[in-house]
Structures are given as C-alpha cells and as structure tokens.
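Note sheet for the following structure.
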2 protein chains.
Amino acid sequence: LSTNNHSSARDRETIEQLINILRPQLGDENILSDPNECWTYGYDNSRLHCCPDLVVFPRTHEEVQVIVQACHDLLIPLVARGRGTGTTGAAVPIRHGVVLSTEKMDRVIEVDPLNRLMIVQPGVLNETVQQTAKEFGFFWPPDPSSASVCSIGGNLAHNSAGPRAIKYGTARENTLGLRAVTGQAKAIQTGFYTTKGTVGFDLTRLLIGSEGTLAVITEATLKLIPLPETKSLMRAIYKTMQAAAQAVMRIMQQPVIPCALEFIDTACVNLIRENSSISLPPDANALLLIEVDGMRAAMPDSLQAIRDCAQAPELIAIDTANTPQAVTQLWQVRKALSPLLRDIAPKKINEDIVVPVSHLAEFIEHTQFLAEQYQIQIVNFGHAGNGNIHVNLLIDPNDPQQTKNADDCLREVFALTLKMRGTLSGEHGIGIAKSAFLTDAIEPNALALMQQIKRVFDPKMILNPGKIFSSSEQNT
Amino acid sequence: LSTNNHSSARDRETIEQLINILRPQLGDENILSDPNECWTYGYDNSRLHCCPDLVVFPRTHEEVQVIVQACHDLLIPLVARGRGTGTTGAAVPIRHGVVLSTEKMDRVIEVDPLNRLMIVQPGVLNETVQQTAKEFGFFWPPDPSSASVCSIGGNLAHNSAGPRAIKYGTARENTLGLRAVTGQAKAIQTGFYTTKGTVGFDLTRLLIGSEGTLAVITEATLKLIPLPETKSLMRAIYKTMQAAAQAVMRIMQQPVIPCALEFIDTACVNLIRENSSISLPPDANALLLIEVDGMRAAMPDSLQAIRDCAQAPELIAIDTANTPQAVTQLWQVRKALSPLLRDIAPKKINEDIVVPVSHLAEFIEHTQFLAEQYQIQIVNFGHAGNGNIHVNLLIDPNDPQQTKNADDCLREVFALTLKMRGTLSGEHGIGIAKSAFLTDAIEPNALALMQQIKRVFDPKMILNPGKIFSSSEQNT
C-alpha cells in the first residue's frame, strides 16, 4: 500500500475547506491535520497503513452527522475507526480522506437492568460493557480476545464474537437496535428497545458486519444476558486431531452446550513444547479446552456428560479445574500461544475461516499438507464448536519467495474452505485483506444486491471506500 | 376489501398468457384458475379476503424462478403463501394476480446432525421440522402456537417466534442461510452453512421478516439446538397483575432463564372463570406459567430460584407440575383461552404488541381503562418475558359503533405502545392490518431506506404489493 502522506488526487484545498466547516462544530482539539499526528490513525492490526488527510474526534451523534454531511458534500472518503484492533485493513484509509475516530464517543448512555439492555456509544470498550453489565449481574456475549482494547463500534462493524459465540451467539444475535448516520448524512434509528420485534426490514443486522461501508454507528442498544451461577473448565489432551474433532462433534450434539470449546492443533502443541516451559505429554497432538457454565447443582452431571463425549482410545488425559488457580493453569497453554506466535513470527498471517464442524479434522490435516508443499509453518487453533479456525501462517515477510508461497497457500486454504461449504471469515470480516476472494464466497446475484444496497445507503460511495467489495466496484 | 373475483384492471388476456407460459413447466395439476378453486387461496387468518386470478404450486426452486420471471415480465402481482395462518393479511392477494402456494414445496432436503442444521423447503410445516429434528435429539426454537399447521416459509416471512423466544430467540437468531428468488427473478443464496460468518451484508436477516416483499424463499438452512435433558412447569397465581409483572422482571434478571414465561391478565382470568369449569381462587387476578428446561440435577435449584423470584405478598399459590398429567393440567388455563375467545368473539382482533418488560403492568392496566372508555372487552395474555402482549379486542363486527370504537381504541393501544418505547408487532408482522401505523413506528429516514431496498430487490414492485408499506408507496 502507498504510504504517501496525502492523496495526490485530492487537493489540500478541499481538506482546508473541510477543516473550516468542522472547526466551529468540533473545536480545534477534536481535529488532527498534521501528518505526524494523523500517522497513527492510518493503520490497524493488519499492519497495512495509509495516512489519512484528517482525523476527527466527534463526541455525539450530531457531530458525526455534521462530519458525514461535510464529507458527502465535498466527496471526501470517510473511514470510521474504533481502536484499530481489526486484522483485515478495514479501518485503514486506503483512499486517504478522513478518519473518524470514535475514541471520544465513549459514554455508556443508559443501563436498563429491568429490561436487560444497555445503550452505548460506539467508542465504549468491550471490557467496559462487560464491567458495567457485571455490576448488574449481566454480560454481553461477544468476547473477542482483544476485549480490553477493542470498541463496541468495531465489534459491530465486524460482527465480532469470540469463544462464547458457541452458546450465546455473535454481535448480530445480541444487539437490539442501532442509531447511525448513512453515507448521505441521514440520521437513522434501527431495531427496537424490546427483545422481540418484526416491523419492516431488519436494518440492524444489515449494518452489523457491514464494516462501516453503509453508515457510521453512533449508538447501540445491546441485549444483556444474566451471568451464569458458575463456570467450570476442562482440558482434554488427545493423541490425534482426528480424535479431538470427533469429540467436538459429540459434545455439540448433546444438551450441555459449552460456553467455550477451543482447540489447539498438533503444530501448536509442538510450538508450545519447543518454545515454552509448559509440560505436555510426549504423544499429545491436540488439545481441547471446554468451558461449561450453568447452575452449580448441575455441574457434576454436566462435566460428566462432557467427559463421556470426550472419551476415545486416543484421549491421553482430561482434567477439570476446580480452583481459579487451576483454571489459570489450564488456560495457560491457550494464552501462551498468541505471545509465542508474535515472538516467533511477528508478521504472521492470521486467518479466521470457518468450516462445518464435521470437516474440522480433515481441514486441519490438509493445512499440514499445504505447509509441507509451500514450505510454510502453519499452526491452527480456534473456536472448535463453531468450526472457526484461526489458521496462522508463520512467514518471514522479508523473504519474497515465502511471501509468494504464502499467497498461493492462502488461496488454497480459502478454496478448500469453500469446497467444504465453509466461510471465509467467522469474526474478522473482509476489509481489504480478503476482498479479492469475495466473488468466490458470494454468488454474483447476492453480491450485486449487496452493492446496490451499498448505493442506497451511500450513493456517493464515501464510506470506507475499497472495503469488502474489490476496489474496481467503488468510485470515490 | 373488495371481493370481486378478478382485478378489473388486469385483463384476462394477460392471465391467459401467464398460464400458457407456466403450463408446460408446472403441469395442469399445479395451476388453479377457476375462481371457485382459487377462492380459498384469497384469505389468511386476518379474515380479509381477495380472490387471486391464479394459484400455482411449484415444487422446486427452479419452478419458483420460472413463475417469478413470468410475473415480472407480465407485471403481475405475486403473493407467496404458506398455510395462511398469518393474522395481518400479509398473504391476502389484495391486488389479485398470482398466489404462489408453497404447499408442494414440503421436502426436508437435508438433515446434518453433525453440523446441527437442517435444510428445508418453505412449505415444510413447523411441526414436521420439530419432529424431524427430535429424531436426532434436536429442536428448532421458533414454536408459534400454530406449529402443527404453519409453514417454515411463513415463520421466516414474519420472523415468527412463540414462547421459547424468551430463551432461544426468534427465526432471525435460528436461521443460517436462505435460497430465494428476488422480484427480478434472480436466484440468490444468502448466509452460511456454518454457525458463524461475517462475509458481506446480512441478506438472510434482511429477508426474514420481510413478508414476501423482497424475495420468495425457496430453501432455508435452520440452526438446530440439542433438546434439553428435562423440563418443568410452574404456575403462579397472583392477586394483582402488578405483582405478577414484578415477578416477571425478577425472573428475567437472574440466571435461570425460563424457556417459556407466559402470562394471563385479570380479564382473561374472569373470562375463564365465567366460561369454563376450570377452578381458580376467587381473588386470582393474574397467572404466570413458567417453564424451565435444563439438566435434571439442576432442576430443584432452578425451580427454587424461580419460586424465590415469584414470592410476593400478592402471590396466592405457586404449583409445580411433576408429571405429564400435572403439566397438562397447569397448561389447561392457557390452552382453554384460544377456543374460549373464538367461541365468545369469533371475530376478535388479536394484536401482538411488545412493551419493555418494565412497562408490562402499566400497559395492561391502561388497556382496562381503554376497555371502559370504548366499551370494548379487552383481554390480554402472552409472552411476558419478552413483553410481548396479545391484546385481544372482543368485538361484534356487525355493530358499526363497536367497529369504529375498536379502531379508535387500537390507535390508542399502538400510541401507548410506542410511547413506552415498545414495538407494534412481536411476531405477527405488519401485513395490511398495521401498515397504516408504520410511519408511527419507523422514523422517515429508516423507512425511506427500507423502501429503496424494496426497489433493489423488486424494482417492478410485483412481490406482495401493498404490504408492510402503505399502499400509496407501491406502484403495481
């Protein structure tokens, strides 16, 4: 990606015009135009970068509307940005223009425990939502691993989830309504203040997962769930990934639905063995971490049900954590992975494809075949219960041959995913990283409808241009 | 509504042309054109009626596509119809034209227990889905009271739910993907075969609840849930609706989320007392039916938790059903209601508004004030946990004054609902019965977007014209 400071096509004069419109509304302290200051707002966790011409920090719905209106009138691209923890480049302003940071839209507007909901601005962190909800005995199901640093706006833009989705669903299942500003600077209110409603088309779910291409979300009404009475964690160690995957299927078919069902494959196990002090049995080739929540009185039976499902000749050990210390210890393997991967391969490619659970083992096996073929280390872990696999390609980005191999390998990973009736992304979205593959994943008629819907919300194509759909489709 | 047999504007010749196109594709046995035969396809459970010019019975996605294409080319209105159990007139062909009955699209295409899903044609009955799922240890959460006679296509068109929505969600939360034919006769595939996915815009949820105005659904991929180990039913009888509503709020704030939490108000209790042999305490004014599912071992604690929430000075009795006979007996009151209402007021108006749970008692109280003001008997029951109230106006439709009063009264019911941040429909939809109130429920910008989306899917406005949006907005 180009890293020049400003768009050559967009002249500085237009940006000055924009600043003049916005300054009286936002105040100088909420506008950045110095390229050095704008710089950090040009990246996200994809490590792609493109410097915006301007960064603005609205505090209210009304200020967002003023900003979108001005960008609309002056035909300036606008990218809404949470905390930049996304991995697909969705928040990178590839056409320069304005980055609208929601950092200062960080108010919890309303907590309504009687109706089990919370209204927040998009810049509120996921962790803040969880902590606020907890005070009233509730939680909000989406729990990405970046919860402490990612914003609700970003969670909604990408339909983010995390381990709990297996039992409680994603952002789409846990958001009642939205307030937003479309690409035409129209203020809209979608959805309901109630947990049921069928009145007109579902614009709420249409905006969730649309990666900021249809509207800028300014408020979200989140559905809250009562905290379970208790939780328990189990760890099952297997000789083969195949046996672990079979156990996952058995677990998913019985009534004790875990609130997390994570797996770690052979390559991960080897990585941990070679690079950490964590001790694992020598014949361990796959791990499952299974968390069960519910009533205290049901826990012995629930854990027994899981234990029964976990049984297999290839099961080496199954442990249950009964104390907070034991829980920490069992999670240790999983938690050690991310920093380990960062150390070993600082520029790893982290995909989040989904396959039907019945294809989990076959998919993992095939990645090891690809790893050999392309001479790239591939390690897999993720949310087994949903078939959501974080495929990590550990490459040296300074080695051009390996970069090319990684591209070819990824193409095969995606093709295999789709062949298995899987999905290119479970929780990260498309952004720019996967937009070239969109036509493989969505058939032409559905894709055409999406692009027409895009034009309905944003006829001048100013909102996050070049994202999701390949860039040829956009005209800003 | 007009009940003339055929549209005066649409000439018989066009219909003949249509028949000539469809006959070789569908066969004579799948086309009805005799007005006497078409007649029964002109109604739904709203008791509105309008005779279609033609009724067709496709068996496959491809046949649906042929039918939509022909209607598109000849500009003939097309209404998709499940089993006509809807209450809003959504399936009534008010502009005549073609009724596409999904009766013969009744195949369960695939059951995939390993991936916990089922693919069905839209004409499959809800009950068939439940029975088929049960064989594999699963259920599909939406359970309208018409389950034995309503189709999945209709459930999806109206985002139908039922008691279980309180814990398991509605059709929107339990459908992974759809196959459909748009108003331009384009075949589309939406959503995923997996339980997670964030790739492009959510067309699945956009179609669910769109009442056949965007596309004709030809296949649905339903997400299945494992059947719980056990279920228990409790009945709590209160001296006041206020006390019952307070109990509902307490129940909703703790971790034992019931799988049904139904209520019956004072007017219903009186009705039952006066018209049935069911015995209820003399000071009973409100009833709650609370069903809890989960692990057997947790049941005593779960029921105790509910009992604790139910406690109040106004609680008269709380009973738990421990045998199937006892369950039947406790449900008896609720089950007696519908036939009773049909007997007393065969043309009752049955609304399904939703208010935030915290306003439940206040809303019910206000309906009794309205009942007195308008001299109309109003009885309320419904899904208390979601605040979803079936407001029943028992009127004599042959009394013009009462009919006028009912209209005025309903207007106040809807205004009150919206004032309480409620929703006009929880599970029935808008159809024609509530389309005049749509502009009160949805703000103009969101409404304009919906209408533009309608034009994207159905530019010639042939699909279910005159529904949801008021008729002035349509042009067929």
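The values are calculated or read from the model by the stated rules, or taken from the named source; none is laboratory data. All values derive from a computational prediction rather than experimental measurement. With ideal geometry, Cβ positions are generated from the backbone for all residues, glycine too; neighbour counts draw on all protein chains shown. Only protein heavy atoms, including side chains, enter the accessible area calculation; ligands, DNA and RNA are left aside. Shrake-Rupley method; radii C 1.70, N 1.55, O 1.52, S 1.80 Å.
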Query raised in the report: Got the relative contact order for chain B handy, in percent, Cα pairs under 8 Å and 6 or more residues apart?
Result: 15
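Over all residues in B:165-177, what is the mean tally of Cβ atoms on other chains that come within 10 Å of each residue's Cβ? Display every interim value, and only then the final one.
Working: counts 2, 2, 0, 0, 6, 4, 1, 8, 4, 2, 0, 0, 0.
So the per-residue partner count for this stretch is 2.
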Query - Principal-axis tilt of helix B:324-344 within chain B, Cα atoms, nearest 10 degrees - result: 60
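What is the average number of partner chain Cβ atoms found within 10 Å of a Cβ in A:246-256? Don't skip to the end; give the middle numbers.
Details: counts 1, 0, 1, 4, 1, 1, 6, 9, 4, 11, 5.
Partner Cβ neighbours, averaged per residue: 4.
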Report task. Return, ordered by residue number, the residues of segment B:371-387 whose backbone nitrogen is under 13 Å from a label point located 7 Å along Cα→Cβ of B:ASP396. Result -> B:376-377
Report summary line: Going through B:LYS404/B:LYS467; A:LYS186/B:LYS419; A:LYS404/A:LYS467; A:LYS196/A:LYS454; A:LYS134/B:LYS134; A:LYS419/B:LYS196 one by one, the pairs whose alpha carbons sit over 25 Å apart turn out to be A:LYS196/A:LYS454; A:LYS134/B:LYS134
Query - Average partner coverage of A:292-303, which counts Cβ from other chains inside 10 Å - result: 5
Report summary line: Output row for B:HIS366: copy-to-copy label distances, label 7 Å along Cα→C-beta, ascending, in nanometres, one decimal, is 5.7
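Assuming a ≥ b ≥ c are the square roots of the Cα gyration tensor eigenvalues, decide whether segment A:358-434 counts as rounded (a/c under 1.5), prolate (otherwise, with a/b larger than b/c) or oblate. Intermediate values should be presented prior to the final figure.
Values: a/c = 1.86, a/b = 1.43, b/c = 1.31.
Verdict is prolate for segment A:358-434.
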Requested in this report: Could you state the accessible area per residue of the protein assembly as shown in Å², with a 1.4 Å probe and every protein chain left in place?
Outcome: 35
Query raised in the report: What's the carbon and sulfur percent of the protein assembly as shown's accessible surface, probe 1.4 angstrom, rounded to a whole number?
Result: 48
Query raised in the report: In Å², nearest 100, what accessible area do chains B and A bury in total when the solvent probe is 1.4 Å?
Result: 7100
Requested in this report: Report, in deg cm²/dmol and to the nearest 500, the calculated mean residue ellipticity at 222 nm for chain B, where each DSSP H run with n ≥ 4 adds -39500 (n - 2.57) and the sum is divided by the residue count.
Outcome: -10500 deg cm²/dmol
Query raised in the report: ³J(HN,Hα) across segment B:23-35 via Karplus (A = 6.51, B = -1.76, C = 1.60, θ = phi - 60°), whole Hz, x for Gly/Pro?
Result: 3, x, 7, 9, x, 4, 5, 10, 9, 10, 10, 5, x
**Report entry** Long-range HN-HN contacts of A:GLY294 with modeled amide H, under 5 Å
**Finding:** A:GLU229, A:THR230
Report summary line: Other residues with Cβ under 13 Å from the Cβ of A:GLN121 give, with Lys and Arg +1 and Asp and Glu -1, a net charge of -2
**Report entry** Charge sum, other residues only, whose C-beta stays under 9 Å from A:ILE188's C-beta, Lys/Arg counted +1 and Asp/Glu -1
**Finding:** +1
Query raised in the report: Just by accessible area at a 1.4 angstrom probe, what is the order of B:ILE432, A:ILE109, B:ILE251 from largest to smallest?
Result: A:ILE109, B:ILE432, B:ILE251
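Calculated FRET efficiency, B:HIS366 and B:GLN311, Cβ-Cβ r, R0 25 Å, to nearest 0.05?
Details: r = 26 Å, r/R0 = 1.06.
Efficiency computed from Cβ-Cβ geometry: 0.40.
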Query raised in the report: Taking one equal scatterer on every alpha-carbon of the protein assembly as shown, how large is log10 of I(q)/I(0) by Debye at q = 0.06, 0.09 1/Å?
Result: -0.43, -0.99
Query - Nearest-ten-degree value, helix A:360-374 long axis tilted from longest Cα axis of chain A - result: 70
Query - In degrees, nearest ten, helix B:299-310 long axis to first principal axis of chain B (Cα) - result: 80
Requested in this report: Along Cα→Cβ, 7 Å out, is where each label goes; now give me the distance between the ones at B:GLN377 and A:GLN377 in nm to one decimal.
Outcome: 7.8
Query raised in the report: In the full protein assembly as shown, how much of A:TYR43 is accessible to a 1.4 Å probe, in Å² to the nearest 10?
Result: 90
Query raised in the report: In a shell of Cβ-Cβ distance under 15 Å around B:THR40, excluding B:THR40 itself, what net charge do Lys and Arg (+1) and Asp and Glu (-1) give?
Result: -2
**Report entry** Karplus-derived HN-Hα couplings along segment A:194-199 (A = 6.51, B = -1.76, C = 1.60, θ = phi - 60°), whole Hz, x at Gly and Pro
**Finding:** 10, 8, 9, x, 9, 9
Query raised in the report: Residue-wise, which Karplus ³J(HN,Hα) couplings in Hz belong to segment A:103-108, taking 6.51 cos²θ - 1.76 cosθ + 1.60, θ = phi - 60°, and x for glycine or proline?
Result: 3, 8, 9, 10, 9, 7
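Starting from the residue with the highest accessible area, list A:ILE217, B:ILE264, A:ILE316 in decreasing order, probe 1.4 Å. Could the numbers behind the result be given before it?
Values: A:ILE217 20, B:ILE264 0, A:ILE316 55 Å².
The ordering from most to least exposed comes out as A:ILE316, A:ILE217, B:ILE264.
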